[in-house]
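Notes follow the structure.
Nothing in this text is a laboratory measurement; each read-out follows from the coordinates by a stated rule. This structure is a prediction, so every number in the text was calculated from the model and none was measured. When we count neighbours, we look across all protein chains shown, and the Cβ atoms used for this are built from the backbone with ideal geometry, even at glycine.
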Amino acid sequence: MDVEETLVLVKPDGVARNLTGEILRRIEAKGYSLVDVRMIEPDRALLAAHYAEHEGKPFYEPLVEFMLSGPVVAFRVAGNRVIEGFRALAGTTDPTTAAPGTIRGDFGRDWGLAVQQNLVHGSDSPESAARELALWFAA
Ligand code: DAT
Ligand code: MG
């Protein structure tokens, strides 16, 4: 067993579309456990820290603006190899080409919306998970 914790964010589009429960249902159906949950309206400082690796990229400013557009639900999720496993549940970054059966593939809309409107975030490594969980679940 390689029990890990990961940060899952239901992004503003997922919350606004009432998909928070469906996303959590898929996480729990896979056998992962919800450890903590918060609804947060992130400020720029939190998002700058969270997305520090993307600063300077062309999509950075639109991404931050989108993440400021409404509340976000943060899940602390535990399970065996959950970091890799949740990213498999989420599907690839672009919802247009994310595989059917994944969260992004099933619910991401090809309506000319931007790639950042892809419903969820999942940490991509143990280091990212530790860093991101400390940011979103700070006291
Ligand atoms: P992921 O969320 O799949 O880990 P990422 O960390 O590379 O993807 O990027 C963070 C977010 O930024 C991603 O969820 C959506 C947005 N994004 C990434 N690449 C993009 C692009 N080429 N155009 C627009 N938005 C992009
Ligand atoms: Mg990422």
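FRET efficiency for the pair Glu127 and Ala29, taken as 1/(1 + (r/R0)^6) with r the Cβ-Cβ distance and R0 = 22 Å, rounds to 0.20.
Which shape class, rounded, prolate or oblate, goes with the range 88-139 when its Cα gyration tensor gives a ≥ b ≥ c as root eigenvalues, a/c under 1.5 marks rounded, and past that a/b bigger than b/c marks prolate? Provide the component values of the computation, followed by the final result.
Working: a/c = 3.10, a/b = 2.08, b/c = 1.49.
Prolate.
With each label modelled as a point 7 angstrom along the Cα→C-beta vector, the Thr93-Asp2 pair spans 2.3 nm. Distance between the C-alpha centres of the range 20-35 and the range 43-113: 16 Å, rounded to the whole angstrom.
In loop segments of the range 30-113 as defined by DSSP, the chymotrypsin sites (Phe, Trp or Tyr not before Pro) with at most 15 further C-beta atoms inside 10 Å of their C-beta are Phe59, Trp111.
Quick one: net charge of Val64's neighbours, Cβ under 15 Å, K/R +1, D/E -1?
-4
Here r is the Cβ-Cβ distance between Glu61 and Glu84 and R0 is 22 Å; the resulting FRET efficiency, rounded to 0.05, is 0.15.
Sparse packing (at most 13 other Cβ atoms within 10 Å of the Cβ) combined with a DSSP loop state is found for the following GluC sites (Glu not before Pro) in the range 16-103: Glu55.
For the pair His54 and Glu22 in one chain, pulling the backbone fully straight at 0.36 nm per residue adds 8.7 nm over the alpha carbon distance. Near Asp124: Cβ cut-off under 14 Å, other residues only, Lys/Arg at +1 and Asp/Glu at -1. The net charge is -3.
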